[in-house]
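One structure is given here, and the rest of the page talks about it.
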Amino acid sequence: MTSLFGAAGAGLTGYKMNKRVGAIEQFEFCPITHGNHLHVAIAISGWLSDEQPDNFHTPWINLGISKEQYYLKWESKYLIALGNALEYLLHGAVTMATQEALKHTILAGLLAALTWPATLLSVAGVIDNPWGVAMQRAKEVGQQLAEVLISKQQGNRPVTLIGFSLGAKVIFNCLEELAKRKGTEGLIEDAILLGTPVPANPANWQGFSRVVAGRIINGYCSSDWLLRFVYRTASAQISIAGLQPIAWDDRRMINIDLSNVVAGHLDYSKKMDTILKIIGVSVSDTPSSGLAGKSGKTDVVSSEDIKKEPILAVAGVTAEKTDNVDDVEVASEAFDDL
């Protein structure tokens, strides 16, 4: 019988992948923080570096969503290959001048007319294969994650999912699978997707309203040329969640523009602490369940607007209202009142 904290009280760390989805080779939950809590958080990275091949947890060291947090260790062989390809494109194959030109072209809304530099296209094979393989693995891992959550390995507790790049795609595919199943209503507390390589069409997101009880946060960078490049084989007209807001008028949907913080796709990993603060998630030694946004419509929040007081600004709390009270405490109270 499943307890509050999972089968035999072991929680997610006790999960063993007996039933596999697709060709998954690696799927394991590892603790970021230790201890039991009434709310569980799972963090999912989108690629790995060859220099730190097992550091799935590095971007999440200071994550403070809950006192019980895990990172998902998944398909490291393919994520290392992807990380190496991304690093090569950004630091070897494409000059800084070319990168800046691509950013401005994307910001100008000229995606359909964009002609990729010949030097970039000549090395496209370096990224296309590892990206394609990792995309397929992310889909299967997302479906596997859905199976785990449906089986209540986490117990009868709400779960927050957070991820960047292909880690966010894992979450997206997990939510897709959960939306197809019965008995999954409100299974997810909040879903935070950053730089997500999936369509931005609201029709692809609306089914999540049955599964997610709280917020669905879409963090994007409108000048992320690398994300647009790896998506180039799709229709030039296709919209990408990692590049723009989701135009879905629902209380759950919160869009946050990270363009003033994220200079390129790799920054989602390198600047995670800053991103977490901007979207209203506490970091370091003060775990909190505070999350961004509580409006009844699709919100778009600019990182430029909130980088001085990120948690308060996202929560809709002004500095004048806080006096000398700690920012995080004020934000938490604001969320509780809404």
Pairs, first closer than 15 Å to LEU226 by Cα in the stretch 107-135, second modelled with pLDDT under 80 and surrounded by fewer than 13 Cβ atoms within 10 Å (Cβ to Cβ), C-beta under 8 Å, six or more apart | LEU111/ALA236; LEU114/ALA236; ASP128/THR233
Would you pick out the residues in the stretch 40-59 that are assigned to a loop (DSSP other than H, G, I, E, B) and either modelled with pLDDT of 90 or more or touching a strand residue (DSSP E or B) at 6+ places or on another chain (Cβ under 6 Å) (or both)?
-> SER45, GLY46, TRP47, LEU48, PHE56, HIS57
Residue pairs qualifying under the 7 Å Cβ cut-off, at least six apart or on distinct chains, with the first in the stretch 29-57 being under 22 Å from GLN136 (Cβ atoms) and surrounded by 14 or more Cβ atoms within 10 Å (Cβ to Cβ) and the second being polar (S, T, N, Q) and at pLDDT below 80, are PHE29/THR13
May I ask you to list the residues in the stretch 219-271 that are touching an Asp or Glu at 6+ places or on another chain (Cβ under 8 Å), outside any loop (DSSP other than H, G, I, E, B) and modelled with pLDDT under 95?
-> VAL230, LEU243
Looking at ILE192, ILE162, ILE171, ILE240, which is the one that is touching a Leu at 6+ places or on another chain (Cβ under 6 Å) and under 18 Å from TRP47 (Cβ atoms)?
-> ILE171
Which listed residue is touching a helix residue (DSSP H, G or I) at 6+ places or on another chain (Cβ under 7 Å), closer than 27 Å to SER49 by Cα and open to solvent by 10 Å² or more (accessible area, probe 1.4 Å), from ASN218, ASN260 | ASN260
When you go through LEU175, LEU102, LEU120 one by one, which is the residue that is in a helix (DSSP H, G or I), open to solvent by less than 20 Å² (accessible area, probe 1.4 Å) and at pLDDT 95 or above?
-> LEU175
Restricting the stretch 81-99 to residues that are out of contact with any helix residue (DSSP H, G or I) (no Cβ under 9 Å at 6 or more places or on another chain) and of a type in the set (A, V, I, L, M), the residue that is modelled with the highest pLDDT = MET96
For the stretch 4-25, state whether one or more residues are modelled with pLDDT of 90 or more and not in a helix (DSSP H, G or I).
-> yes
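The values are calculated or read from the model by the stated rules, or taken from the named source; none is laboratory data. Remember, it's a predicted structure, so these values are computed and weren't measured experimentally. With ideal geometry, Cβ positions are generated from the backbone for all residues, glycine too; neighbour counts draw on all protein chains shown. Heavy atoms of the whole protein, side chains included, go into the accessibility calculation; ligands, DNA and RNA do not. Shrake-Rupley method; radii C 1.70, N 1.55, O 1.52, S 1.80 Å.
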